[in-house]
Amino acid sequence: MKLEVVVLAAGQGTRMYSDTPKVLHDLGGKPLLRRVTDVAESLDAVAIHVVYGHGGERVREAIGANEFNWVLQAEQKGTAHAMMQALPCVDDQACVLVLYGDVPLIQAQTLRELADATDDKGLAILTAELADPSGYGRIIRDESGRVTKIVEHNDANQDELCVHEINTGFLAAPAGTLKSWCAQVHNANAQGEYYLTDVVAIAVKEGADIVTRNPAVTWEIMGVNSNADLAQLERTYQRQQAQALMAQGVTLRDPARFDLRGELEVGRDVVIDINVVFEGKVTLADGVHIGPNNVIRSSSIGGGTEILSNCVIEQSIVGGNCRIGPFARLRPGPRIADQVQVGNFVEVKQSDIGEGSKINHLSYVGDTTVGKNVNIGAGTIVCNYDGANKHRTIIGDNAFIGSDTQLVAPVTVGEGATIGAGSTITKDVPAGELTLSRAKEKTVLGWTRPTKNKP
Ligand code: UD1
Ligand code: CA
């Protein structure tokens, strides 16, 4: 049977108390729903249908409106009602696999096994044993162990509440059959909703086989219904990632204080200290050391480079054996060659910094090409913006920029030039010469400080 996937994502998420639709809340830097659709896309399904409703267009736009067959559930009357909106789009002969937009960590392999477990008559459901089953629908079995129905937490009696086997929500069935079962679901229950879970009892009554499968690990099936759930699942997810990195040889000073909200590619002997946040795609080559409290977004760091504490680095390419920070800010665009030092309270934006150059203290370097072995003294500011346009500055190899220099762009500093401290440079500086602009120093002999007036 060919496979079609339906993702249910129309619910409001009342228990989040948020204006953001629940399925757009972030887990590991990605909306919950995107995580689910990413898994769906890995299954080789012939179609992916996403049922949306609460949050409307905002959900479609955030996830990528053109990628899927979006089905509107204008009023959220329950999960079976949601399925009824999608099933007319699904081929009756297909096997339909149901995913929930608020259960983000489900793994493709588990879903493949679930889809494979169904045949042309049967219903396959994914269940799990949980130490604390509260909130979940309970799987009710007869004396011989056959599944007879699912009871929602709010509708369960005392005996049923004691059942620890829960409904994960994931199910697979032939689409045509599921359609006929969904059509029989009514809403006489605690929440006045059409529950998809009621198809189990209907299927049993019609003599269908109910097969169950279990996830490989329980975190795959944890749902997000509240901010507490979201925070707990985020930690679970981060722990998985931390463990995978350690298994690759990364030294994490504390896996509990590590956050990867994207993808991290690592070489050998990488060390990551505490409270580091990685976002987007980040590459750390062999021997990179990341100090504590760093935020690194969409960047690559070359071999042997050390990022000291408290830096914010984004969209930057940093070469090998550099020393960056503490307290450096690399804004989008820096391309930093090997053996460069960027020190404390230095901001670098849209600039190329040549091999061996140093910008060690309190500087702003923007829209600049810096050659090799340049020394940029403390407090140097590149004045790249005239209030309307940005201009480029070029600094040749081996130049020495004295402390507290302002380079008013556009300006070029020749190779080997020296600029005296405190200069405001507005014209090109010739190579190899000393250039300075400085008011003459004078001493007023015999001057005395004013004294305080007597009352
Ligand atoms: C559901 C299951 C429960 C299971 C749990 C697992 C039902 C009736 N209950 O409960 O047995 O243990 O998931 O996480 O299915 N949705 C719609 N339209 C609607 C209502 C919901 O698209 O009208 C979507 C939601 O966006 C969500 C999913 O369906 O992604 C589940 O809805 P939710 O209200 O969270 O159900 P639970 O109470 O968690
Ligand atoms: Ca849920």
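Structural remarks
- Restricting segment 166-179 to residues that are over 32 Å from the mean Cα position of the chain (by Cα) and part of a strand (DSSP E or B), the residue that is surrounded by the fewest Cβ atoms within 10 Å (Cβ to Cβ): PRO174
- Every residue from segment 388-445 that is hydroxyl-bearing (Ser, Thr, Tyr), assigned to a strand (DSSP E or B) and over 19 Å from VAL346 (Cβ atoms): THR412, THR418, THR424, THR435
Here is a yes/no grid of residues against (1) within 16 Å of ligand 2 (Cβ to nearest atom); (2) part of a loop (DSSP other than H, G, I, E, B):
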| site | (1), (2) |
| --- | --- |
| GLU113 | no, no |
| LYS121 | no, yes |
| ILE125 | yes, no |
| THR148 | no, no |
| ALA188 | no, yes |
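- Residues of segment 220-235 satisfying the condition of being within 17 Å of the chain's Cα centre (by Cα), surrounded by 16 or more Cβ atoms within 10 Å (Cβ to Cβ) and in a helix (DSSP H, G or I): LEU230, LEU233, GLU234
- When the residues of segment 347-374 are filtered to those that are hydroxyl-bearing (Ser, Thr, Tyr) and not in a strand (DSSP E or B), the one that is nearest to the chain's Cα centre (by Cα) is SER351.
- Residue identified as outside any strand (DSSP E or B), within 15 Å of ILE140 (Cα to Cα) and touching a Phe, Trp or Tyr at 6+ places or on another chain (Cβ under 9 Å) among ALA203, ALA208, ALA242: ALA203
- Test: residue in segment 160-173 that is more than 10 Å from ligand 1 (Cβ to nearest atom) and within 19 Å of ALA40 (Cα to Cα): yes
- In summary, ALA74 fulfils each of the numbered conditions (1) assigned to a helix (DSSP H, G or I); (2) exposed (fewer than 14 other Cβ atoms within 10 Å of the Cβ) with the single exception of condition (1).
Each value in this text was obtained by applying a stated rule to the coordinates, not by laboratory testing. Since the model is a prediction, treat every value here as computed from it, not as a measurement. Note that we place each Cβ from the backbone using ideal geometry, even for glycine, and neighbour counts take in every protein chain shown.
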